[in-house]
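The values are calculated or read from the model by the stated rules, or taken from the named source; none is laboratory data. Everything quoted here is computed from the prediction, not taken from an experiment. Methodologically, a virtual Cβ is constructed for each residue, glycine included, from the backbone with ideal geometry; neighbour enumeration extends over all protein chains shown.
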Amino acid sequence: MSIYSHFILFIYKVITAIVAPLGATFLCYKKRNDPPYGMDVFQLLGFYKKNKSRYVWFHGASVGEINALTPLLKEFIRTHKDEKVVLSTLTTTGLALAKKIEGAKAVIAPLDSPIAVWGFFRAFNPKSLFIIDTELWPNILDRAKKKKCPVVIYNARLQDKNVTKYKKHLGLVTSLISNKLSAVLCMSHNDRLRFIKIGVPEDRVCVTGNIKYDLKPRDLMFDGSRIQKTNLGDNVLGAISIHEGEEQTVIDAYLLAKKENPNIKLIFVPRHQTAGKLACEYLDKLGIKYQLRTEVPSVNSLKEDILIGNTIGEIEFYLGLCDLVFMGGSFVSIGGHNPLEPAYFSIPIVTGPDFHNFTEQFDKLIEVGGAFVAENKESLAKYAIRLLSQRDELNKAGINALDVQQQGRGALQKNLKIFENYL
């Protein structure tokens, strides 16, 4: 690295070392309505129990990433029984899912401060690091380089707007990030070109596809829920992964649709507990009755037309109740959520206008008629009315969605094969 790059990295280390405790405090406050960090908050600052073994480190930022990497990690554990695996994530909801993966030690990831990162490397002495999607943290990459721990980014994606930002400081980005990546396994050829533009050597970047097409949902949970669905009828709209700020839009759309079709029911599954709490408050304000999943041991116990999914790890149960799904995070500036899970179960999808995190998947689904874009609550209501009343169109859309999901499979094995070079 140049003297300038060394200086910038030094300044970054000083600043992150100072603000790390504040960052941990902020995360605790921000997630106060989700499962609390509890004593795990100290892991953010690098306090881990020291282990004698060397670990293979997998990292996924939150729930979505943990869900996506689970099939790959389970296959890795199955075929590498002698390897110790640590799986890190930054959220408590992600941690809850990570703890369900047998054979992996689930922890909260360290913040990108030199002390926290040092603590993690001291505890687990990782022999390799595999990061899903694109999280590029200078302190982690610097420590990995010094410890000769190869870093592989897989299911990698990069947006044009980020390339523009990185290119303004290309020399710095190349020194602090790009040159420290051992391999970048991209979702598409366009992503590969973008990573090359920000300084990653061409021979370290390849296209392996999107492992999210290789998802392996729990069919038994879905089937069990589907059997119970007969008690709900066939006019069920699912609102999945709803974020704070879009709960009222979704509920308003449902109420508009219900004026045309009184039989429509709503399965409302928030991404975080805050959105669920706000949805309940809004329904209370409107005087509309609902039930919480924790109050409904079986679908037979559901007496109201709205079910609020206030549990974690039951996405297949909720999908099993749905005829049509709206994917959240798309009426707010989140960028949408993965539509491939409902597609796997042949359930048509509606998204809001902002799905930039899943452009590839939605573009394919929209092109074949497996997904639809609702610009606002009125548009969402119209899709719910139309599709739930026209079963032939609904069923055809579901088949089209499944075709897209099936055609994209194969990336999981490609990634695992390349991983062997970095163990």
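Points to keep in mind about this one:
- Residue match in region 165-179 (condition: over 23 Å from CYS322 (Cβ atoms), surrounded by fewer than 21 Cβ atoms within 10 Å (Cβ to Cβ) and small (Gly, Ala, Ser)): yes
- Residue match in region 300-309 (condition: of a type outside the set (A, V, I, L, M, F, W, C), under 17 Å from the mean Cα position of the chain (by Cα) and over 23 Å from PRO71 (Cα atoms)): no
- Test result for LEU181, under 21 Å from ILE101 (Cβ atoms) and hydrophobic (A, V, I, L, M, F, W, C): no
- Residues in region 331-341 that are free of Cβ contacts under 8 Å to residues at least 24 places away in the same chain and farther than 22 Å from GLU378 by Cβ: GLY335 alone.
- Scan of region 37-63 for residues that are crowded, with 22+ Cβ neighbours inside 10 Å and part of a helix (DSSP H, G or I), ordered by number: GLN43, LEU44, VAL63
- Meets criteria (touching a helix residue (DSSP H, G or I) at 6+ places or on another chain (Cβ under 6 Å), at pLDDT 95 or above and either over 27 Å from ALA411 (Cβ atoms) or surrounded by fewer than 23 Cβ atoms within 10 Å (Cβ to Cβ) (or both)) for GLY119: no
- Candidate set from region 208-230 (those that are of a type in the set (A, V, I, L, M) and surrounded by fewer than 17 Cβ atoms within 10 Å (Cβ to Cβ)); member that is nearest to LEU158 (Cα to Cα): LEU220
- Residue that is surrounded by the most Cβ atoms within 10 Å (Cβ to Cβ) [pool: residues in region 231-248 that are modelled with pLDDT of 90 or more and part of a helix (DSSP H, G or I)]: GLU247
- Qualifying residue in region 391-399 (condition: among the charged types (D, E, K, R), in contact with a helix residue (DSSP H, G or I) (Cβ under 7 Å, 6 or more places away or on another chain) and assigned by TED's automatic domain parsing to the domain that holds GLU260): yes
- Of the residues making up region 85-104, those that are polar (S, T, N, Q) and either under 13 Å from PHE130 (Cα atoms) or not in a helix (DSSP H, G or I) (or both) are SER88, THR89, THR91.
- Scope region 285-302; condition among the small types (Gly, Ala, Ser) and modelled with pLDDT of 95 or more; matching residues: GLY287
- In the set (1) under 23 Å from THR91 (Cα atoms); (2) part of a strand (DSSP E or B); (3) touching a helix residue (DSSP H, G or I) at 6+ places or on another chain (Cβ under 6 Å), the condition left unmet by PHE331 is number (2).
- The set of residues in region 249-282 being closer than 13 Å to ILE306 by Cβ, under 23 Å from the mean Cα position of the chain (by Cα) and assigned to a helix (DSSP H, G or I) consists of VAL250, GLY276, ALA279.
- Which numbered condition MET187 fails, given (1) outside the structural domain of PHE317 (by TED's automatic domain parsing); (2) within 26 Å of PRO353 (Cβ to Cβ); (3) surrounded by fewer than 21 Cβ atoms within 10 Å (Cβ to Cβ): (3)
- Pair list, Cβ under 8 Å, 6 or more apart: region 342-364 residue closer than 17 Å to THR134 by Cα, other residue among the hydrophobic types (A, V, I, L, M, F, W, C) and in a loop (DSSP other than H, G, I, E, B): ASN357/ILE334; GLU360/MET187
- Any hit, region 133-140, residues being crowded, with 19+ Cβ neighbours inside 10 Å, in contact with a Lys or Arg (Cβ under 7 Å, 6 or more places away or on another chain), hydrophobic (A, V, I, L, M, F, W, C) and closer than 19 Å to SER178 by Cα: no
- No other residue among LYS148, LYS212 is within 30 Å of GLN43 (Cβ to Cβ) and outside any helix (DSSP H, G or I) apart from LYS148.
- Qualifying residues in region 69-84 (those that are in contact with a helix residue (DSSP H, G or I) (Cβ under 8 Å, 6 or more places away or on another chain), within 19 Å of ASP133 (Cα to Cα) and surrounded by fewer than 18 Cβ atoms within 10 Å (Cβ to Cβ)) - the one modelled with the lowest pLDDT: PRO71
- Residue-level check: of (1) over 18 Å from LYS212 (Cα atoms); (2) more than 16 Å from the chain's Cα centre (by Cα); (3) surrounded by 20 or more Cβ atoms within 10 Å (Cβ to Cβ); (4) β-branched (Val, Ile, Thr), ILE334 misses just (2).
- Residue under evaluation ASP82, criteria (1) within 25 Å of the chain's Cα centre (by Cα); (2) in a loop (DSSP other than H, G, I, E, B), criterion not met: (1)
- In region 252-295, the qualifying residues are those that are surrounded by 17 or more Cβ atoms within 10 Å (Cβ to Cβ) and aromatic (Phe, Trp, Tyr), and the one that is farthest from LYS30 (Cα to Cα) is TYR254.
- Within the option set PHE345, PHE358, being modelled with pLDDT under 95, aromatic (Phe, Trp, Tyr) and more than 29 Å from GLU281 (Cα to Cα) holds for one residue only, PHE358.
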